[in-house]
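Trainee: Please see the structure below; I have some questions.
Just so it is clear, none of the values below were taken in a lab; they were calculated from the coordinates. Please read all numbers here as calculations on a predicted model, not as lab measurements. Don't worry about glycine lacking a Cβ; one is built from the backbone with ideal geometry, like all the others, and counts go over all protein chains shown.
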Amino acid sequence: EAGVVQSPRYKIIEKKQPVAFWCNPISGHNTLYWYRQNLGQGPELLIRYENEEAVDDSQLPKDRFSAERLKGVDSTLKIQPAELGDSAVYLCASSLDGGLSTDTQYFGPGTRLTVL
Amino acid sequence: KQEVTQIPAALSVPEGENLVLNCSFTDSAIYNLQWFRQDPGKGLTSLLLIQSSQREQTSGRLNASLDKSSGRSTLYIAASQPGDSATYLCAVIPMGTYKYIFGTGTRLKVLA
């Protein structure tokens, strides 16, 4: 079974440029998460989707970040314009049902973003 | 606000040693606690999930315990191997939310 797929794996851009990340969750997983992981830190949740609905986006910087999950499967996370402080690894995860205490999240390999 | 702390931040041990990684959290109202492994340049791999009603979980050479009242969890690795070298992260899901709060991790290096 394929795991969570993310692309690109690495991205280097100049500040003020736009950038987009793509995630394909494990087949059948209803819940999708985007996390940001700064160097030497644990991941922090940006947004959580239940199917197509964003049920928790309280940590998403909405002035420059946007996300969508059309048809409740793939998801894209966009930053426009990027700032130096956005350099981090962006992780996507999915789970069967995010509302269960027994639910395990499965993580993709992440996209390492460098903003110059 | 839930905070998760992991000690030590880094650990280097010779192969074959048994070792303990520590995780503490400030609010005992959690749904579960999970231990993850992260290899360089890769995502996180779930190791063990302990529900709030449980006290420990075991998988192979790994044993994780949970003392919710004191806000502590330990990950015990028996007979460590060089392949165990990675960063180990613990995370809790606070009650009322369904999002993980992660610690900063322990970077483990097992020397051959």
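Trainee: Using Cα pairs closer than 8 Å and at least 6 residues apart in sequence, work out the relative contact order for chain A, in percent.
Mentor: That works out to 37 percent.
Trainee: Here is a further query. Mind pulling up the Rg/Rh value for chain B? Radius of gyration and Kirkwood radius, both on Cα.
Mentor: Reported Rg/Rh (Cα atoms, Kirkwood Rh): 0.96.
Trainee: Another question about this same structure. Compute the label zone of A:A2 within segment A:19-53: residues whose backbone N is under 15 Å from the point 7 Å along Cα-to-Cβ.
Mentor: Only A:22-29 fall inside the zone, counting backbone N under 15 Å.
Trainee: Loop only per DSSP, at most 11 neighbouring Cβ atoms within 10 Å: give me the trypsin sites (Lys or Arg not before Pro) in segment A:30-116, ordered by residue number.
Mentor: Passing both the DSSP loop test and the Cβ count: A:K62.
Trainee: R0 = 22 Å: FRET efficiency of B:D39 with B:A79, Cβ-based, nearest 0.05?
Mentor: 0.65
Trainee: Can I ask one more? Identify the GluC sites (Glu not before Pro) of segment B:7-79 meeting these criteria: DSSP loop state and at most 15 other C-beta atoms within 10 Å of the C-beta.
Mentor: For GluC sites (Glu not before Pro) across segment B:7-79 that sit outside H, G, I, E and B with at most 15 neighbouring Cβ atoms in 10 Å, the list reads B:E15, B:E17.
Trainee: Further question on the same structure: For peptide A:38-44, how many partner chain Cβ atoms fall within 10 Å of a residue's Cβ, on average?
Mentor: Mean shielding count: 6.
Trainee: Pick out, in residue order, every one of the GluC sites (Glu not before Pro) in segment A:14-55 that is DSSP loop and has at most 15 other C-beta atoms within 10 Å; say none if there are none.
Mentor: Hits after loop and neighbour filter: A:E14, A:E52.
Trainee: Output needed: percent of Cα pairs per 5 Å distance bin for chain A, bins running from 0 to the one holding the longest distance.
Mentor: Result returned by the calculation: 2, 13, 23, 26, 19, 10, 5, 1, 0.
Trainee: Using only the alpha carbon atoms of the protein assembly as shown, find the Kirkwood hydrodynamic radius as the inverse mean reciprocal pair distance, in angstroms to one decimal.
Mentor: After inverting the mean inverse Cα-Cα distance, the result is 18.1 Å.
Trainee: Over 31 Å between Cα atoms: which of B:K68/B:K109; A:K11/B:K99; A:K11/A:K71; A:K62/B:K68; A:K71/B:K1 fall into that group?
Mentor: Check vs 31 Å cut-off fails for A:K62/B:K68; A:K71/B:K1.
Trainee: Taking chain A as a Gaussian network, Cα atoms linked when under 10 Å apart, which of A:D74, A:D57, A:D103 shows the biggest mean-square fluctuation?
Mentor: Checking each option, the largest mean-square fluctuation is seen for A:D103.
Trainee: Considering only A:A88, B:Y31, B:G71, whose Cα is most displaced toward the positive end of the charge dipole of the protein assembly as shown, charges sitting on Cβ of Lys, Arg (+1) and Asp, Glu (-1)?
Mentor: A:A88
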